[in-house]
1. Can you work out which of the residues in region 8-57 that are over 29 Å from residue 141 (Cα atoms) and polar (S, T, N, Q) is surrounded by the fewest Cβ atoms within 10 Å (Cβ to Cβ)?
2. Please find, among 123, 156, the residue that is open to solvent by less than 50 Å² (accessible area, probe 1.4 Å), over 28 Å from residue 214 (Cβ atoms) and not basic (Lys, Arg).
3. Residue 191: assigned to a helix (DSSP H, G or I) and either touching a residue at least 40 places away in the same chain (Cβ under 8 Å) or closer than 16 Å to residue 83 by Cα (or both), yes or no?
4. Output the qualifying pairs, or none if there are none: Cβ atoms under 6 angstrom, residues six or more apart or on different chains, first residue in region 195-215 and open to solvent by 70 Å² or more (accessible area, probe 1.4 Å), second residue aliphatic (A, V, I, L, M).
5. Taking residue 53 as the residue in question, decide whether it is under 18 Å from residue 159 (Cα atoms) and not aromatic (Phe, Trp, Tyr).
6. On the given criteria, is residue 213 of a type in the set (Ser, Thr, Tyr), closer than 30 Å to residue 10 by Cβ and out of contact with any Leu (no Cβ under 6 Å at 6 or more places or on another chain)?
7. Report every pair of residues separated by at least 6 positions or lying on different chains whose Cβ atoms are under 9 Å apart, first residue within region 79-97 and within 13 Å of residue 156 (Cβ to Cβ), second open to solvent by 10 Å² or more (accessible area, probe 1.4 Å) and basic (Lys, Arg).
8. Give the residue, chosen from 76, 137, 81, that is within 30 Å of residue 6 (Cβ to Cβ) and crowded, with 21+ Cβ neighbours inside 10 Å.
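The values are calculated or read from the model by the stated rules, or taken from the named source; none is laboratory data. Computed from a prediction, not measured in an experiment: that's the story for all the values here. Positions of Cβ are generated from backbone atoms using ideal geometry, with glycine treated the same way; all protein chains shown enter the neighbour counts. Side chains included, ligands, DNA and RNA excluded: accessible areas come from the protein's heavy atoms. Shrake-Rupley method; radii C 1.70, N 1.55, O 1.52, S 1.80 Å.
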Amino acid sequence: MASHAILPPLLCLAGQCTVLYSCFNFGCPPEVLDPVLTKPLGRWTYLTFQSNILLLVFFTVASLAALFPILSLQWFVASFFPLAFALGVFLTTAYYTLDHFNPEQVKKRAELQKSGYPMLPVAMHLEHGMALPMITFYTYNALKPEGMSMSVIIVAAYTLFYLIQVHYVKSLTGKWVYPFIDDITATGGALFRNVFFVGLMCIFTGLGVLGRSMV
């Protein structure tokens with residue numbers, strides 16, 4: 001098989017392995033980051049970790065599909081590319097829009113950096129900042145098999161799953177996963193918060209549709 005078909009997913013896979021290496025070696029363990037919030041699910045509490053694991057799985061299968069054109073592997077790539085695209089675009093965009101400059105989060109990261117995690121800023125940028133460039137590079141350089149009609153449904157289903165998980169964690173810990181949810185609630189109460197969640201579903205699904213159109 002031509003190298004131009006194999007290299008993009010392999011390069012993305014190498015990049016994603018670097019991201020997760022940084023997460024486990026330079027980032028904060030969940031029990032240090034927030035012992036109460038992360039007690040039920042650990043790292044899986046956060047969309048960042050779930051996204052990076054799912055992108056690792058996707059790029060692994062995409063690499064295998066490029067090396068071995070097996071129908072089941074191609075089906076997986078076609079079906080899950082819209083989800084990978086939505087996660088990659090959303091992870092980077094949402095982090096730098098909603099979290100990175102949040103005063104509470106800035107203060108918290110500074111405290112953690114001083115308390116034994118000097119490489120935390122590197123880890124945070126790699127965990128969040130690599131997703132968009134990598135999925136963009138993959139989108140425009142990799143050969144993708146024809147998509148399946150259920151691919152956007154997968155995006156919507158995963159988004160709904162994560163929102164249910166967010167509420168589940170809130171019910172167990174009394175805390176929202178992300179501080180900006182508290183800010184939205186303080187501004188407009190439960191109504192604004194629920195509108196935000198519905199909007200989030202629409203954004204994710206829209207990104208899935210956009211990704212689906214690129215296959």
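1. So, considering only residues that are over 29 Å from residue 141 (Cα atoms) and polar (S, T, N, Q), the one surrounded by the fewest Cβ atoms within 10 Å (Cβ to Cβ) is 25.
2. Working: 156 fails: over 28 Å from residue 214 (Cβ atoms).
Residue meeting the stated conditions: 123.
3. no
4. Pairs found: 209/152; 212/152.
5. On the way: under 18 Å from residue 159 (Cα atoms): yes; not aromatic (Phe, Trp, Tyr): yes.
Yes, satisfied.
6. Details: of a type in the set (Ser, Thr, Tyr): yes; closer than 30 Å to residue 10 by Cβ: yes; out of contact with any Leu (no Cβ under 6 Å at 6 or more places or on another chain): yes.
Judged against the criteria, residue 213 is a match.
7. The qualifying pairs are 82/212.
8. Details: 76 fails: crowded, with 21+ Cβ neighbours inside 10 Å; 137 fails: crowded, with 21+ Cβ neighbours inside 10 Å.
Every option except 81 fails the conditions.
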